[in-house]
1. Label residue 76 and residue 120 with points 7 Å out from Cα along Cα→Cβ: what is the distance between them in nm?
2. Any chance you could list P(r) for region 13-105, counting all Cα-Cα pairs in 5 angstrom bins from zero, rounded to whole %?
3. Let me have the relative contact order for region 13-105, percent, based on Cα pairs under 8 Å that are six or more residues apart.
4. Can you tell me the length gained on complete extension of the stretch residue 18 to residue 86, counting 0.36 nm per residue apart and subtracting the Cα distance?
């Protein structure tokens, strides 16, 4: 006899993330200056940095993690657009608009103009050269 079960509610892909994995991804997304390896070391309390580097990279390729990050990026994008449109401070609106432009178009590259000049200097260190003396 086959036992039938009630159809289960569709699980969110985020519910399958382990707490340490979620903490790792959240830390990585919240601090743009932290490396993947450093975030992994902090959240997984490991001391082997080579292992942490490999594991950190592998975690970010998992489908559930990719979906989780996309959802958070979408919420972040919505928040920035909301700030660009509705923030009371003009400085905040300007920074939000710059952030939108940088995300869509990429951060602009500042060109630096450089020039170089060369000088040729010959020095005789043999002591064979004539000394010029001033005679008046």
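Every read-out reported here was derived from the displayed coordinates using simple, explicitly stated rules and does not represent laboratory data. Small disclaimer: the values here were computed from a predicted structure and weren't measured. A quick note on method: Cβ atoms are made from the backbone with ideal geometry, for glycine too, and the neighbour counts reach across all protein chains shown.
1. Computed distance between label sites residue 76 and residue 120 equals 5.6 nm.
2. Values per bin, smallest distances first: 2, 13, 19, 18, 15, 12, 11, 7, 2, 0.
3. 23
4. 20.8 nm
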